[in-house]
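Notes to accompany the following structure.
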Amino acid sequence: MPNALSNQLLSWYADHGRSLPWRERPEPYAVWISEIMAQQTRLETVLPYYRRWMTLFPDIATLAAASQQDVLNAWEGLGYYSRARNLHKAAGIVVREHGGQLPADPTRLQSLPGIGRYTAGAVASIAFGRDEPVVDGNVKRVYARLFLVEEPINTPQGEQAIWSLAAAHLPAGQAGNFNQALMDLGALVCLPKQPDCPACPLNAICLAAQQGKTGAYPRKKPRPEVPHYTVTAAVIRDQHGQVLLTQRPENVLLGGLWEFPGGKQEAGETLKSCLKREIREELACTIDVHEALGIFRHAYTHFKVTLHAFHARLATERFELLYHQAARWVPPELLDEYPMGKIDRMIARQLQDNTG
């Protein structure tokens, strides 16, 4: 079975593998960046970001020397911003401790911020030719169908079952191409809802296909319902028409990004009373809340948000940063220079449209 699986899959990959920029020259840095960007993000979304990133930061030394704001600006729109912060931190460590070269050893790779078992295996196998397996969402789906894995793949037991299969079927000396072939098969053929089984090179050895059960695999444990929050934000202007941006702490969701200050509505609060309370708690000042700017909606991985933005003015002379790490008064036309999450960028765009 291992020989049949790897031989047929590698033959298919030679003819049908995706043409991707980091595959043309699989240098460690290029592979690393591509794998981090592709985590929980579709490749068609990744490609323009990857090309721009490699123009801005063509090597590890350039990335390490860049400011975090430049890095986050280049990442804006890809989401999961801890990935960008960890890339920046890891680049600094590689320059200081590894002579500017990514280590080939998976264990040493995993010691770097943001590199887990999957990314370490991908970089080690694709860039360095190491015999290391990888398991991502596509690989989980392929192996779960091939071998009728009963454990839900989003549980520790299911994860371990897939990793064991990936290690057992890894062809020595060809891990890089084999791993990429598995990922491509899952992305192009072994699709979540409508797999193209007749086009699959592994159709003859796939247990789910043979038994007509592809729709039943992979098994998944039901996820809890996604909560919804109502939040507010203040677009505070000064006498010069500049707006107040605050920078989120490093260790929270969207850490290091800039935002219009505000927060979550609590039970019994009106939107305006919520906003006034949040500003007191975050900036130790009071504001006069004026007309609404707009309503903005966004879905994150684990929750959804409806945000109500209001125009506002400071009612006190000074403010103090009780939560944020920095604050800036910014002319609306310069808001693009500050990296933001999607919902704050929506506010900024509308503000610029109204100003323009």
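Of note:
- Restricting attention to the stretch 311-354, the residues being in a helix (DSSP H, G or I) and closer than 23 Å to L253 by Cα number 11.
- Residue check for A267: under 14 Å from A234 (Cα atoms), over 31 Å from the mean Cα position of the chain (by Cα), surrounded by fewer than 18 Cβ atoms within 10 Å (Cβ to Cβ) and of a type in the set (G, A, S): no
- Test result for V46, over 20 Å from R130 (Cβ atoms), β-branched (V, I, T), assigned by TED's automatic domain parsing to the domain that holds N86 and buried (at least 19 other Cβ atoms within 10 Å of the Cβ): yes
- Residues located in the stretch 253-272, provided they are more than 26 Å from E76 (Cβ to Cβ) and part of a loop (DSSP other than H, G, I, E, B): Q265, E266, A267, G268, E269, T270
- Filtered residues of the stretch 280-301 (kept if of a type in the set (G, A, S) and part of a strand (DSSP E or B)): A292, G294, A299
- Checked against the criterion of being touching a residue at least 40 places away in the same chain (Cβ under 8 Å) and over 30 Å from N251 (Cα atoms), the stretch 93-116 contains not a single residue that satisfies it.
- Answer residue from the stretch 1-23, given it is within 22 Å of the chain's Cα centre (by Cα) and part of a helix (DSSP H, G or I) and is nearest to G176 (Cα to Cα) among those: R23
- Residue that is surrounded by the most Cβ atoms within 10 Å (Cβ to Cβ), among those in the stretch 209-236 that are under 28 Å from A312 (Cα atoms) and in contact with a helix residue (DSSP H, G or I) (Cβ under 9 Å, 6 or more places away or on another chain): A234
- If only residues of the stretch 279-310 that are within 17 Å of L253 (Cα to Cα) and surrounded by 14 or more Cβ atoms within 10 Å (Cβ to Cβ) are counted, the one that is nearest to the chain's Cα centre (by Cα) is Y300.
- E333 satisfies every condition listed in (1) crowded, with 16+ Cβ neighbours inside 10 Å; (2) among the charged types (D, E, K, R); (3) over 25 Å from the mean Cα position of the chain (by Cα) except (1).
- Of all the residues in the stretch 270-307, those that are more than 12 Å from A233 (Cα to Cα) and among the small types (G, A, S) number 2.
- Residues of the stretch 223-252 satisfying the condition of being under 13 Å from Y323 (Cβ atoms), in contact (Cβ under 8 Å) with a residue 12 or more places away in the chain and not acidic (D, E): T246, Q247, R248, P249
- Just one of (1) surrounded by 15 or more Cβ atoms within 10 Å (Cβ to Cβ); (2) closer than 29 Å to A175 by Cβ; (3) not aliphatic (A, V, I, L, M) fails for P21. It is (1).
- Residue match in the stretch 144-167 (condition: surrounded by 18 or more Cβ atoms within 10 Å (Cβ to Cβ) and hydroxyl-bearing (S, T, Y)): no
- Yes/no for K140 being over 28 Å from the mean Cα position of the chain (by Cα), among the charged types (D, E, K, R) and surrounded by 13 or more Cβ atoms within 10 Å (Cβ to Cβ): no
- Every residue from the stretch 37-64 that is of a type outside the set (S, T, Y), part of a helix (DSSP H, G or I) and in contact (Cβ under 8 Å) with a residue 24 or more places away in the chain: M37, L43, V46, L47, R51, M54, I60, A61, L63, A64
Listed here are the residues, each with its yes/no results for (1) under 20 Å from the mean Cα position of the chain (by Cα); (2) not small (G, A, S).
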{"site": "R25", "(1), (2)": "no, yes"}
{"site": "Y49", "(1), (2)": "yes, yes"}
{"site": "W53", "(1), (2)": "yes, yes"}
{"site": "T62", "(1), (2)": "no, yes"}
{"site": "N73", "(1), (2)": "yes, yes"}
{"site": "A90", "(1), (2)": "yes, no"}
{"site": "H98", "(1), (2)": "no, yes"}
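- In the stretch 175-208, the residues that are surrounded by fewer than 18 Cβ atoms within 10 Å (Cβ to Cβ) and of a type in the set (S, T, N, Q): Q194, N203
- With respect to the conditions (1) in a loop (DSSP other than H, G, I, E, B); (2) closer than 30 Å to N154 by Cβ; (3) modelled with pLDDT of 95 or more, S34 falls short on a single one, namely (1).
- Selection of the stretch 184-207 for residues being more than 18 Å from N7 (Cβ to Cβ) and out of contact with any Leu (no Cβ under 6 Å at 6 or more places or on another chain) yields G186, A187, L188, L191, P192, K193, Q194, P195, D196, C197, P198.
The values are calculated or read from the model by the stated rules, or taken from the named source; none is laboratory data. Everything numeric in this text was worked out from a predicted model, so none of it was measured. With ideal geometry, Cβ positions are generated from the backbone for all residues, glycine too; neighbour counts draw on all protein chains shown.
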